Amino acid sequence: MRGDRQRASLVELLTPVIEASGYDLEDIAVSQAGRRRVVRVVVDADGGVDLDAIAVISRAVSAALDETDVLGGSPYVLEVTSPGVDRPLTQPRHWRRAVGRLVKFTTAEGVEVQGRVLGADEEEIRLDVAGGERAYPLPAAGPGRVQVEFRRIEAEDLLHDEEEGGDGEPHGH
C-alpha cells in the first residue's frame, strides 16, 4: 500500500510541474534497482516529445523531487521518457495523438475494430474502416492499440536511394 501512496504523492507533486512545461503526465512508476530506486516518469504532448523537451522536463522534475521528501532520503535515478507504441489508447488525448495511425480495439459489445484514426474529441473517435468513415463513442471503444506497420520498399524508392548514393547525400563520381 505504501507504493500506492507514494505514487499518488508523486502524481500530485509532478503533475503541475510537467503541465507548466506544456506536457501531460502519462505515468509514474517507482521500482527498486539494487540500493537505489528508479523513478520513471512518462510524459507526452500533441506533436510528441523531443529530446530537448525531455531535458527541460527532467531538470524541472528533479528540482521538484529534491525540494520534497516524497521519496524519503534514499538515492534515486530519474528517467523521463515518452510513451511507447504499446501504450493503450484510453484517454481522448491518446486517440487525438494517434491521428493517421492504424489502431485496433474491441468494442464493449465484443466486436474487434481495426482502422486508421481520422480524428478524436472528448466524446468519440472517428476511424477510416475499410474505406468508410465510422464514429465510435469513446466509452464503447475499449483500450486501443496502435498497430505497427511495415511499409514495403518500392522499386522507385530503391532507385532514388541509389541515385543519391544510398545515404541521401550526393556523391561525386
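For Glu19, the accessible surface of its heavy atoms amounts to roughly 100 Å² (probe 1.4 Å, protein chains only, rounded to the nearest 10). Antiparallel beta bridges, as assigned by DSSP with both residues in the chain, represent about 80 percent of the total such bridges. Taking the average, over residues, of other Cβ atoms within 10 Å as the packing measure, peptides 97-108, 44-55 rank 97-108, 44-55 from highest down. With a 1.4 Å probe rolled over the protein heavy atoms of all chains, the accessible area of Ser58, Ser31 falls in the order Ser31, Ser58, largest first. Report in % the part of the accessible area of the range 1-71 that belongs to carbon and sulfur, leaving out ligands and nucleic acids; probe 1.4 Å. The nonpolar share, carbon plus sulfur, comes to 48 percent. Which of the following values of Rg and Dmax of the Cα atoms in Å was calculated from the structure shown: [x] 21.1, 68; [y] 17.0, 57; [z] 16.2, 59? The calculated read-out lines up with [x]. Using Cβ point charges alone (K and R +1, D and E -1), the dipole size of the range 1-78 about the Cα centre works out to roughly 640 debye. Entry comment: accessible area of the chain is 64 Å² per residue, from protein heavy atoms only and a probe of 1.4 Å.
Positive-end ranking of Val129, Ala60, Val49 along the dipole of the range 41-132, with charges on Cβ about the Cα centre, is headed by Val129. Of the DSSP H helices in the chain, those with a Cα length along their own long axis of 18 Å or more and a mean Kyte-Doolittle hydropathy reaching 0.0 comprise 51-66.
The dipole here belongs to the chain: it is taken about the Cα centre, uses +1 on the Cβ of Lys and Arg and -1 on the Cβ of Asp and Glu, and is about 1160 debye.
The values are calculated or read from the model by the stated rules, or taken from the named source; none is laboratory data. Since this is a predicted model, take the numbers as computed values, not measurements. Note that each Cβ is placed from the backbone with ideal geometry, even for glycine, and that neighbours are counted across all protein chains shown. Side chains included, ligands, DNA and RNA excluded: accessible areas come from the protein's heavy atoms. Shrake-Rupley method; radii C 1.70, N 1.55, O 1.52, S 1.80 Å.
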